[in-house]
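None of the figures in this text is laboratory data; all of them are computed from the coordinates on show. Predicted model, so just to flag it, every value in this text is computed and none were measured. We place every Cβ from the backbone using ideal geometry, glycine too, and count neighbours over all the protein chains shown.
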Ligand SMILES: *Cc1c(COP(=O)(O)O)cnc(C)c1O
């Protein structure tokens, strides 16, 4: 029986077409900038996101780290969300490799940061303080698309305080699809953007960092230093091209599946479903502590994978079919019925 994996959208398998273009990709040595497929992917990404230059990297973590290392010097500081990937989920890389100090601040559930509060944390030019250099946002944030009208305000904030502005846009295409805007309506506000190809866009490996030409040249050197200089990487980039050119159009289906799942789960008394207003391809549920381990275990017995806990993320993606949603709801209902 089919396994329905709702733990993350990173679990997507490369499609038959992706595997075919990977097998046939024209390749060269990318450290010499001679891989035509990597070069093509970087060009396509730069055009789609309206940035001067782009670099193909191994992961979102590497991409964000290159951005932090390129924006900030030793002793500089970046303002970032307390629950943001670039602070909490990247092993403290900026501190380890760059001696860069994070200034984490609580974010609102829609991914926005209170700018008056942030202003109080921008450090004045004083011999005692680190230099505040950068603001990082994440869009989508836990699946929530940041409200569009927040972006110009945040951009103005960075201008007033002379900060660079980086977007961890691992899932930024989801935000654009949610608000039915071109992705550039979001990315134009930022100096640099990181996108993931390996999540809901379905590529097996890879992320892209985008920014000005000189910024990306710097990032390219950091990537080499971190051991990320890849050779015939075109076999990976070929899948990335399919991800960017063909799979963005499927994201709306993931959002639809998330809404369907949310609506199904709302009919179960024991489950509280988080607000879906700004949500894209995820559905977050809250369950009682006594079910935190046993519900996911029951789901697993029925070929559905999810994390355990009292606040569970269910991620929708290319490899979950619309027909699977009804089955997931049925299994969860059955768990509560059998408990009674
Ligand atoms: C997944 C993710 C990353 C990191 O990507 P990896 O390829 O897993 O290293 C960064 N930021 C956000 C918001 C993510 O969801």
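Expressed in whole Å with the largest first, what are the equivalent ellipsoid semi-axes of the range 1-135 derived from the C-alpha gyration tensor as the square root of 5 times each eigenvalue?
Taking √(5λ) for each Cα gyration eigenvalue gives 35, 22, 14 Å.
Stretching the chain fully between residue 148 and residue 321 yields a gain of 59.3 nm (0.36 nm per residue, less the alpha carbon separation).
Kindly put 298, 173 in sequence by how many other C-beta atoms sit within 10 Å of each C-beta, fewest to most.
By the 10 Å Cβ count, ascending, the order reads 298, 173.
If R0 equals 45 Å, the separation of the Cβ atoms of residue 249 and residue 272 corresponds to a calculated FRET efficiency of about 0.85.
Ellipsoid fit via the Cα gyration tensor, the chain: semi-axes of 34, 26, 17 Å, each the root of five times an eigenvalue, largest first.
Under the definition of Cα pairs under 8 Å and six or more residues apart, what whole-number percent is the relative contact order of the chain?
RCO, the chain: 25 percent.
Listed by Cβ neighbour count within 10 Å, with the fewest neighbours leading, 128, 71, 250, 255 appear as 128, 250, 255, 71.
Here r is the Cβ-Cβ distance between residue 301 and residue 340 and R0 is 25 Å; the resulting FRET efficiency, rounded to 0.05, is 0.85. A crude spin-label estimate for the pair residue 218 and residue 95, with each label 7 Å from Cα along the Cβ direction, gives 2.3 nm.
For the range 271-340, the Cα gyration tensor yields ellipsoid semi-axes of 19, 15, 11 Å (square root of five times each eigenvalue, largest first, whole Å). Against the chain, whose longest principal axis is taken from its Cα atoms, helix 60-71 shows a tilt of about 30°.
With respect to the chain, whose longest principal axis is taken over its alpha-carbon atoms, helix 234-246 is tilted by about 70°. In the range 238-287, Cα pairs under 8 Å separated by at least six residues give a relative contact order of 34 percent.
The ranking of 72, 91 by Cβ neighbour count inside 10 Å, starting from the fewest, reads 91, 72.
Helix 322-339 and the long axis of the chain differ in direction by around 60°, with both axes built from C-alpha atoms.
Cβ-Cβ distance of residue 256 and residue 83, R₀ of 35 Å, FRET efficiency by 1/(1 + (r/R0)^6): the value works out to about 0.85. In the chain, the calculated helix contribution to ellipticity at 222 nm averages -12000 deg cm²/dmol per residue, counting -39,500 (n - 2.57) for every DSSP H run with n ≥ 4.
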